Amino acid sequence: MAMDNKGWNASQLRNCDLQFDEIPRLHHNDPKVDELMSENKPVVVLGSNLAKSAEKWDLDYLERHMGESDFTVFQSKSHKFKYYDDKKVTSGDGFVPPTKKLDMKLPEFIKRLRAWKKGEDRLYLQQGLNNTVGPAIVHDFLNFDWNFCTGKQSKHNWGSLTSNLMLIGMEGNVTPCHYDEQENLFAQVHGFKRCILFPPDQFECLYPHPVHHPHDRQSMVDFDRPDYNKFPKFRQAKGFETVVGPGEVLYIPMYWWHHVESLMQGSYTVSVNFWYKGGPVSVSYPLKGHQKVAVMRNVEKMLLDVLQDPKEIPVLLRAMVLGRYT
Ligand SMILES: C[C@@H](CC(=O)O)C(=O)C(=O)O
Ligand SMILES: [Zn+2]
């Protein structure tokens with residue numbers, strides 16, 4: 001992957017069997033930025049001031065100004081931090097959470113981040129920015145370039161801003177491939193993150209867990225060691241990638257799959273995302289990929305409501321489809 005080596009090199013990327021096209025990297029004034037966004041396609045926006053007021057958010061500054069609150073920190077025995085919805089964990093379903101969710105004061109988190117040695121459990125701070133942070137951070141937050149993101153919100157008919165997640169990760173941390181049901185302006189503040197994205201119509205190649213599963217929206221494929229017997233279509237997945245650095249903003253369209261890794265042998269990473277509700281649904285045929293994903297999600301939810309037992313769902317779907325539609 002030809003990259004302009006601004007402070008990183010390809011040896012810091014994790015191995016992946018697939019080849020990817022590059023996500024366009026365009027200056028924020030380039031009209032093509034909004035062309036791509038209006039087509040629900042990813043783009044890296046360069047030179048915006050979206051999170052410029054956060055460029056001073058290094059560990060010392062954060063330690064001094066994040067305040068006395070407890071923050072949400074995930075702990076993992078591996079480099080993967082696979083999200084799970086604890087509201088979907090049912091007793092006796094045998095689900096083993098892949099991470100532990102801790103509440104930690106920032107100085108403690110920073111102390112453990114600085115002392116971390118390869119092979120030890122990893123930590124990933126993932127905290128919604130709210131009024132629990134110190135006044136200096138609130139000041140920086142208020143000084144984000146809100147004209148930029150509200151400009152995108154109105155131009156592309158997004159819904160309301162739901163949250164800003166602040167992420168402080170160790171080098172090498174991975175958020176495995178998943179999709180979100182929100183538009184996302186992902187602002188990289190410190191360090192470098194490699195982002196691999198797939199369009200929603202790659203659903204059949206990425207094998208999401210069932211909707212009722214705690215890992216709803218997450219791919220079942222382990223990108224480090226894909227099981228091609230269980231997930232044969234993963235070989236055909238067609239993805240896009242980029243590495244975002246400080247001051248760069250990646251637009252992750254709603255329902256687009258994304259795998260995000262903090263570069264190995266790199267520094268800690270700081271990111272802030274801006275999650276917006278999707279805009280009003282305008283149905284036109286043929287349905288777009290993300291609309292088909294939304295339809296499939298609703299079918300799974302409806303079937304679980306009426307059948308109650310998740311094991312009944314494939315039985316009914318096979319009876320309905322095999323020999324009749326195939
Ligand atoms: C948490 C983040 C990925 C990462 O930065 O590790 C993500 O998935 C998102 O912003 O939607
Ligand atoms: Zn995400």
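The values are calculated or read from the model by the stated rules, or taken from the named source; none is laboratory data. On a predicted model such as this, the values are computed, not experimentally measured, just so you know. Quick reminder, even Gly has a Cβ in these numbers, built from the backbone with ideal geometry, and neighbours come from all protein chains shown. The accessibility values were calculated without ligands, DNA or RNA, using every heavy atom of the protein model including side chains. Shrake-Rupley method; radii C 1.70, N 1.55, O 1.52, S 1.80 Å.
Using θ = phi - 60° and the Karplus relation 6.51 cos²θ - 1.76 cosθ + 1.60, list the HN-Hα couplings for region 108-118 in order, rounded to whole Hz, with x at every Gly or Pro.
So the Karplus estimates, Gly and Pro as x, are 5, 4, 5, 4, 6, 5, 5, 8, 4, 10, 3 Hz.
So how exposed is Ser160, as accessible area in Å² (1.4 Å probe, rounded to 10)?
Surface open to solvent at Ser160 totals about 60 Å².
Region 234-326: which chymotrypsin sites (Phe, Trp or Tyr not before Pro) are DSSP loop and have at most 16 other beta-carbon atoms within 10 angstrom?
Counting only loop positions with at most 16 other Cβ atoms within 10 Å, the chymotrypsin sites (Phe, Trp or Tyr not before Pro) in region 234-326 are Tyr325.
Output the relative contact order of the chain, whole-number percent, from Cα pairs under 8 angstrom with separation of 6+ residues.
In percent, rounded to a whole number, it is 25.
With the cut-off at 1.5 for a/c, could you classify region 70-139 from its C-alpha gyration tensor as rounded, prolate or oblate?
Because a/c hits 1.5 or more and a/b fails to exceed b/c, region 70-139 counts as oblate.
Can you list the residues, at least 5 places off or on another chain, whose amide H is less than 5 Å from the amide H of Gly279, using H built in the peptide plane?
Gly159
Which value, in Å², gives the accessible area per residue of the chain when a 1.4 Å probe is used on the protein heavy atoms?
Accessible area per residue: 50 Å².
Summing Lys, Arg as +1 and Asp, Glu as -1, what charge do residues with Cβ under 13 Å from the Cβ of His215 carry, His215 excluded?
The answer is 0.
With all protein chains present, how much of the accessible area of region 1-111 (probe radius 1.4 Å) comes from carbon and sulfur, to the nearest whole percent?
49 percent
Which net charge results when you count Lys and Arg as +1 and Asp and Glu as -1 among the other residues whose beta-carbon is under 13 Å from that of Val89?
Summing Lys/Arg as +1 and Asp/Glu as -1 gives -1.
Whole-Hz Karplus ³J(HN,Hα) for region 283-293, in order, using 6.51 cos²θ - 1.76 cosθ + 1.60 and θ = phi - 60°, x for Gly and Pro?
Each residue's phi maps through the Karplus curve to give 7, 9, 9, x, 4, 6, x, 5, 6, 5, 5 Hz.
Any chance you could check the Cα centroid distance between region 63-139 and region 142-161 for me, in angstrom?
27 Å
I'd like the accessible area for His79: 1.4 Å probe, protein heavy atoms, all chains in place, Å² to the nearest 10.
About 40 Å², rounded to the nearest 10.
In whole Hz and in residue order, list the ³J(HN,Hα) couplings for region 140-156 that follow from phi through the Karplus curve 6.51 cos²θ - 1.76 cosθ + 1.60, θ = phi - 60°; x for Gly and Pro.
My calculation for region 140-156 gives 4, 4, 5, 8, 4, 7, 5, 4, 5, 6, 6, x, 5, 4, 7, 4, 10 Hz in order.
Please check the chain for the longest run free of trypsin sites (Lys or Arg not before Pro) that are loop-located per DSSP (anything but H, G, I, E, B) and have at most 15 other Cβ atoms within 10 Å.
Counting at most 15 other Cβ atoms within 10 Å as exposed, the longest clean stretch of the chain is 119-229.
How many percent of the alpha carbon pairs in the chain exceed a separation of 27 Å?
So the portion of pairs separated by more than 27 Å is 47 percent.
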